[in-house]
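Take a look at the structure set out below.
A short reminder: the numbers here are calculations on the coordinates, not readings from a lab. Computed from a prediction, not measured in an experiment: that's the story for all the values here. So basically every Cβ, Gly included, is an ideal-geometry build from the backbone, and we count neighbours across all protein chains shown.
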Amino acid sequence: MSISDILDQKSKAGENVLTEFESKKLLKEIGIPIPAQKLTKTKEETIGAAEEMGFPVVMKLMAEDIVHKSDTGAVKLNLKDKNDVEAAYDELMSIPSESEKQISVQEMAKEPITELIIGMTTDPQFGPALMFGIGGILVELLEDVSFRIAPITEYDAKEMIREIKGFPLLDGFRGKPKADLNAIVDILMKISEFVIENENIYEMDLNPVFIYDDGIMCVDARIILKKQQEE
Ligand code: ADP
Ligand code: MG
């Protein structure tokens, strides 16, 4: 099944929010790197998945009514062995939720130079718009972000990256390595192409994206589809 078939099916079922697991699966299909991930239900399955992946791992609770996972304790980082996984499983499963609960077992990504935010929103007048910023207080407090209406060219993507005030953080600030800017350009271009080809995408929030001196990895994502019109 193609990506657009999957999206059609989802919105026909009346569901318009993809879980983190589904969102990242879609990103992987369009060529955006994500940490290895596996969806599990039972404790045994979860331990098996972690052992197969190799420690340390990350575990997150996937449930439709949990949006800001860290706020509810639904993200467990740096689990080093079977005991950690068992304890995390019990804690995640005790988080109150009305929806079906599953666990996403993930590879623990190595520490980045900095966290990025890459997004797409739908402007009522101009349609899909792309957003770029550096994660944390730069975005939350200072609103240091850049926008472009899709589709963008490679030149636009390069400008989006360079025009934020926090750009020096990507350019070898205080002896840190320089970020792989081409990898950022590549993600921005891929999202632009994807939203132009798939008109039913309403919003995409890749937060955070880990940037390295050699490569990039999206560790959390949320994709929202347009609501299907009532017939
Ligand atoms: P939230 O729903 O609260 O945004 P996230 O999935 O973004 O939850 O996880 C919270 C934080 O945990 C992230 O900002 C990131 O710093 C860290 N994190 C999440 N997933 C991973 C991972 N697979 N590897 C390493 N760090 C991760
Ligand atoms: Mg997040």
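A compact table of results
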| read-out | value |
| --- | --- |
| The range 86-111-the range 158-227 distance, computed between alpha-carbon centres (Å) | 26 Å |
| Extension reserve of the SER94-LYS43 stretch, reckoned as 0.36 nm per residue once the Cα distance is removed | 17.1 nm |
| Karplus 3J(HN,Hα) series, Hz, for the range 158-169 with 6.51 cos²θ - 1.76 cosθ + 1.60 (x for Gly, Pro) | 4, 5, 4, 6, 7, 7, 6, 5, x, 3, x, 4 |
| Under 5 Å, built H, 5+ apart or other chain: amide partners of ILE149 | LEU130 |
| Equivalent-ellipsoid semi-axes of the chain, from the Cα gyration tensor, Å, largest first | 29, 24, 15 |
| Karplus-derived HN-Hα couplings along the range 36-47 (A = 6.51, B = -1.76, C = 1.60, θ = phi - 60°), whole Hz, x at Gly and Pro | 3, 9, 9, 8, 9, 10, 7, 5, 4, 4, 5, 4 |
| At most 11 other Cβ within 10 Å, DSSP loop - GluC sites (Glu not before Pro), the range 58-119 | GLU98, GLU100 |
| Residue-averaged [θ]222 nm for the chain, counting only DSSP H segments that reach four residues, each worth -39500 (n - 2.57) | -9500 deg cm²/dmol |
| Cα-derived Rg over Rh, computed across the range 126-231 with Rh taken as Kirkwood radius | 1.00 |
| Ranked packing of 217-224, 178-185, most packed first, by mean Cβ within 10 Å | 217-224, 178-185 |
| Nonlocal amide H pairs with MET62, under 5 Å, H built at 1.01 Å | GLN102, ILE103, SER104 |
| Proximal lysines relative to LYS80, as straight alpha-carbon distance under 27 Å, when same-chain residues fewer than 8 apart are discounted | LYS24, LYS25, LYS28, LYS38, LYS41, LYS43, LYS60, LYS69, LYS101, LYS110 |
| Dimensions in Å of the range 37-107 - Rg and Dmax from alpha carbons | 10.9, 32 |
